[in-house]
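See structure below.
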Amino acid sequence: MSATPLLEMRGITKSYPGVQALREVDVTLDRGEILALLGENGAGKSTLIKVLAGAVAPDRGAISINGQVVSIRSPLEARRAGIGVIYQELNLVPTLSAADNLFLGCETAVWLHPSAEREQAQKLFARLGVAVPPATRCRDLSVAQQQIVEIAKALGSNLRILVLDEPSATLTPQEIDRLFGVLRELTAQGIAVIYISHRLDEIFTLANRVMVLRDGLHVATKPVAKVNRAQLIEMMVGRNLEQEFPARSINIGTSRLVVKDLQRGRQVRGVSFELRRREIVALTGLVGSGRTETARLLFGADQPDAGMIVLDGRPLHLRGPRDGIRAGICLLTEDRKAQGLILARSALENFALPNLGRWSWFGWLRRRQERHAFEHHAVGLRIRLANPRQRVEQLSGGNQQKVVLAKWLEANSEVILFDEPTRGIDVGAKYEIYLLMNQLAAQGKAILMISSELPEVLGMADRILVMHEGRITGEITDVKNATQEQIMRLAVG
C-alpha cells in the first residue's frame, strides 16, 4: 500500500440542535482495503458517511484524497471525486431500466442510442462478474441485482471509494457470497471500500480493518485479525455483554397455538406445528421458503386455502388482521417501516392505532389514558425518544421496533410473531430486544421468531423449525448441540 492514504478525514465534527453527532472523528482508508465501520444506532456512522458523500456539511474538519485537500459540498462533487455511496434504501428509479439508471444524471450526449447504452451497461456488469439484464426495469430485478446496478453506476464515475450501508440486510446467503466476491474484485482493482453492517460475522469474513464509533466519538480502529467478537461488542456498547444472547430459565408450559396442515398456493404447503406457553420457537429457512407467508396466515393478513389454526383449544377463523388482534395474536412485520409503522406520525399515534377502542367513550378519546398507557410501556421497554409526539421516522431502528412491540403489548397479545426482529438493529439494541423476548416468554406468552441470522436462531430458540419451498423440512429440539450446518442442510431441502 502507498504511504499516502487514499482517503483521510480529520477532525470531522457535526452537531444538530441538542445532539452532538460527531466529535473530532478521524478516518484513514488505503487503496484496495475494506474498512468496516461499526457502532450502535445513533453512534454517528450515518452522519460521517453523509459528510463524505457531500449530503451533510461538517461544522469542522477536512477531507483529503490522495493527499490533496478536497471540498465536497454536494453529492455531485463527491461523485466527481470518485466517491460512491450505496445506502440501505436503494436510490434507483424503479420504472426505468437497469441501463437507464446507470447513466441517469451523467449523460454525455443529447441523445444516446439504446443499443450503445446497453453495450456500455453490459461492460460495467461484466467488470463486476455479474449478469444483469440491462433492459429490465429495476422494479423487476431482485434486491441483489439492484445493488449491482448501484455499484455499476458508481463504477461509471471513475470510482475510487465505495461506501455500502447495511448492504446484506435483505439478501440471501448466496447473494451475500456473490456480493462479497464483487467487493473483493473491486479491491483487487485498487478501489477502497467502507462497509457498514450490524452483522459481526461479515466483518471477520470480509474486512481488513474495523473502526468503531460510539456517541459520536472515534473509539478505535484496529486490524480485524487483532480483535474478537466480544471485544468489538464491548467497544460498541461501552460495556461488557457477558453473553450476546441472554440466558433464561426454561419452564415450557402447555400448548397455546396449534397449526394443522396450513396451505396457501405453493408458498405454504401443509405446514403443521405448535407453540407452547413460555416457549420461543424459531422458524428459519432461506428467503422465499414460506416463513413470512406462514406468519401472515397466522395473523389473518392472508387467507389460507386449507388447514386449521387452534388457539387455546378454540379453532380460529381469521378473516383479517382485526380478527387476529382480537384473538390475541400480533405480528411484528419484517419491514417495520413499510408495514408496522406510519413513519410521518408520532410514536404515541402509532402506539394508539390498534388500541383506540380501549380509550374511547361515546366517540371521545381519553387522551390522558392513552398517554399514560404509552408512558408505562415506554418506561418498561426503555424506548428512547424526546417526547411521545416525536415522529417515529426520527427514532433508531431498535426504538422503532420497541414502539411496534408496545402497541401489541397494550392490545394484550398472547401469541407474538416476530418476523426478523433485529434486522438493521445494532448489537446493543439487539440485546435489549432479546431480553424483552425472554421476559415475554416468562410471562406465559408463546413466541414465534422468524430469523435469517443463524447465530440468533441458535442463541434464542427453545426449538427450531426449518422451512424449504413452503414445507417444514425439519424440527430441531436439541438446540444446545445444533449447528449452523445442520440448519442449512434442512434449509436447502
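Values in this text are rule-based calculations from the coordinates and carry no lab data. Here the structure is a predicted model, which means the values were calculated and not measured. Using ideal geometry, Cβ is built from the backbone for each residue, glycine included, and neighbour counts are taken over all protein chains shown.
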Shape descriptors of segment 227-384 over alpha-carbon atoms, Rg and Dmax in angstrom, are 19.5, 62
Per the 1/(1 + (r/R0)^6) rule, R0 = 25 Å and r from the Cβ atoms of Thr483 and Arg139, FRET efficiency to 0.05 is 0.05
Over segment 255-491, what relative contact order in percent results from Cα pairs under 8 Å that are six or more residues apart? 30 percent
Rounded to the nearest 0.05, what FRET efficiency is calculated for Ala3 and Phe362 with R0 set to 60 Å and r the Cβ-Cβ distance? 0.20
Equivalent ellipsoid, segment 259-327 (semi-axes from 5 times Cα gyration tensor eigenvalues, Å): 18, 15, 11
Quote the relative contact order of segment 1-78 in percent (integer), defining contacts as alpha-carbon pairs under 8 Å separated by 6+ residues. 36 percent
Of all beta bridges DSSP finds with both residues in the chain, what is the antiparallel percent, to the nearest 5? 55 percent
Taking the alpha-carbon centroid of each part, what is the distance from segment 399-416 to segment 444-473 in angstrom? 20 Å
Neighbour count of at most 13 Cβ within 10 Å plus DSSP loop: longest chymotrypsin sites (Phe, Trp or Tyr not before Pro)-free window in the chain: 112-361
Hey, rough spin-label estimate for Thr205 and Ala344, points 7 angstrom out along Cα→Cβ, what's it come to in nanometres? 3.9 nm
Segment 7-237: antiparallel DSSP beta bridges as a percent of all, rounded to 5: 55 percent
Answer rounded, prolate or oblate for segment 62-180, using the Cα gyration tensor with square roots of eigenvalues a ≥ b ≥ c: rounded when a/c is under 1.5, else prolate when a/b is larger than b/c, else oblate. oblate
For segment 272-279, Karplus-derived ³J(HN,Hα) couplings (6.51, -1.76, 1.60; θ = phi - 60°; whole Hz; x for glycine and proline) come out as 9, 5, 9, 10, 10, 4, 6, 10
Summed side-chain charge close to Arg326 - residues other than Arg326 whose Cβ falls under 13 Å, Lys, Arg +1, Asp, Glu -1: +2
Within the chain, helix-based [θ] at 222 nm, where runs of 4 or more DSSP H residues each add -39,500 (n - 2.57), nearest 500: -10000 deg cm²/dmol
Determine the relative contact order of the chain: mean sequence separation of Cα pairs under 8 Å and six or more apart, normalised by residue count, in whole percent. 15 percent
What is segment 135-275 by shape, rounded, prolate or oblate, if you read a ≥ b ≥ c off the alpha carbon gyration tensor as root eigenvalues and call it rounded for a/c under 1.5, prolate for a/b larger than b/c, and oblate otherwise? oblate
In µm²/s, what is D for segment 383-493 at 37 °C and 0.692 mPa s, where D = kT/(6 pi eta Rh) by Stokes-Einstein and Rh is the Kirkwood radius from Cα pairs? 212 µm²/s
Computed magnitude of the charge dipole of segment 7-237 (debye, nearest 20; Cβ of K, R +1, Cβ of D, E -1): 360 debye
Net charge dipole size for the chain [Lys, Arg +1 and Asp, Glu -1 on Cβ; Debye, nearest 20]: 1080 debye
How big is the equivalent ellipsoid of segment 255-491 along its three axes, where each semi-axis is √(5λ) from the Cα gyration tensor, reported in whole Å from largest to smallest? 30, 21, 15
Projected label distance in nm at Gln443 and Asp312, using a 7 Å step from Cα toward the beta-carbon: 1.4 nm
Amide H neighbours of Gly474 under 5 Å, at least 5 residues apart or on other chains, H built in the peptide plane: list them. Val466
Of Lys402/Lys445; Lys45/Lys430; Lys50/Lys337; Lys45/Lys123, which sit over 23 Å apart, Cα to Cα? Lys45/Lys123
Sort Cys330, Cys138 so that the residue with the fewest other Cβ atoms within 10 Å of its own Cβ comes first and the one with the most comes last. Cys138, Cys330
Answer with one residue from Phe299, Leu465, Gly428: the one whose Cα lies farthest towards the positive end of the charge dipole of segment 255-491, charges on Cβ with Lys, Arg +1 and Asp, Glu -1. Phe299
Name the residue from Phe273, Ala327, Asn208 whose Cα lies farthest towards the positive end of the charge dipole of the chain, charges +1 on Cβ of Lys and Arg and -1 on Cβ of Asp and Glu. Ala327
Can you give the charge dipole size of segment 11-96 about its Cα centre, rounded to the nearest 20 debye, using +1 on the beta carbon of Lys and Arg and -1 on the beta carbon of Asp and Glu? 240 debye
Looking at the calculated P(r) for segment 7-237, what percent of the C-alpha pair distances fall above 23 Å? 49 percent
Label point 7 Å beyond Cα of His372 along Cβ direction - residues of segment 379-394 with amide nitrogen under 17 Å: 379-380
For the chain: Kirkwood Rh in Å [reciprocal of mean 1/r, alpha carbons]: 24.5 Å
Net charge of Cβ neighbours under 12 Å - reference His317; Lys, Arg +1; Asp, Glu -1: +2
Among DSSP bridges having both ends in segment 255-491, what percentage is antiparallel? Round to the nearest 5. 55 percent
